[in-house]
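The values are calculated or read from the model by the stated rules, or taken from the named source; none is laboratory data. Keep in mind that what you see is a predicted model, and the values were worked out from it rather than measured. Note that we place each Cβ from the backbone using ideal geometry, even for glycine, and neighbour counts take in every protein chain shown. All accessible areas refer to the heavy atoms of the entire protein, side chains included, with ligands and DNA or RNA removed. Shrake-Rupley method; radii C 1.70, N 1.55, O 1.52, S 1.80 Å.
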Amino acid sequence: MKKIMIVVVTLLIGGVAFSQKMMTRSGEIRFDATVPGALDPVIADNNTVSSIFDKATGELVVQGMVKSFKFKSPLMEEHFNENYMESDKFPKTSFKGKVLNYDSKSGTYEVEGDLTIHGVTNKVKTKMAIDNQSGKVALSGVFIVKLIDYKLDVPALAKKTLAETAKISIKLALENK
């Protein structure tokens, strides 16, 4: 029995020591749903995004709190949280997916998975740049989404400033866990 316990403990410690998981709690997401030529840009930044990336499997999880998106205009931020995102009801937005064919080299990779916004989950696919730098991984990419696909309706009065599609940019600087 002692030998079995020693083997199990050794395997667990070895697994932790050679972990390929990278993480951050200071990732960035930019939400841009500005209509071209609009006077007021509809842009919000969230700099408190959490993410875990497993270099061994290519699995990627990104999560942000909706109320952490900051706009230049407090009124726009209020409308975003109360009228569109309903952040009290749907407090988080997330992506759970995989970097396809990841081989630990810097480059551009396809990423696919489930993007959840406003309580609605859809399959998405995009390309992301991954830069491996001495123990750190920088990951960046863009998702283009139709707001209606996430049950986010653009009222007629807002169509001059709020686009029907949004560009969601992600920047992550991940370090060993």
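Can you sort F31, F90 by solvent-accessible area, 1.4 Å probe, largest first?
F90, F31
Going 7 Å from the Cα of Q20 in the Cα-to-Cβ direction, what parts of the stretch 37-52 have a backbone nitrogen less than 19 Å from that spot? Residues passing the 19 Å test: 51-52.
Counting only protein heavy atoms and using a 1.4 Å probe, the accessible area of I168 comes to about 20 Å². Each pair of Cα atoms in the chain enters the Kirkwood radius, and Stokes-Einstein at 10 °C and 1.306 mPa s then converts it into a translational diffusion coefficient of 90 µm²/s. Once C-alpha pairs closer than 8 Å and six or more residues apart are averaged by separation and normalised to the residue number of the chain, the relative contact order reads 24 percent. Which one of N46, L100, V35 is farthest out on the positive end of the charge dipole of the chain, using unit charges on Cβ (Lys, Arg +1; Asp, Glu -1) and the Cα centre as origin? Going by the charge dipole, the pick is L100. Just the number, please: carbon plus sulfur as a percent of the accessible area of the stretch 44-177, 1.4 Å probe, no ligands or DNA/RNA counted. Taking all protein chains in place, the stretch 44-177 shows 51 percent carbon and sulfur surface.
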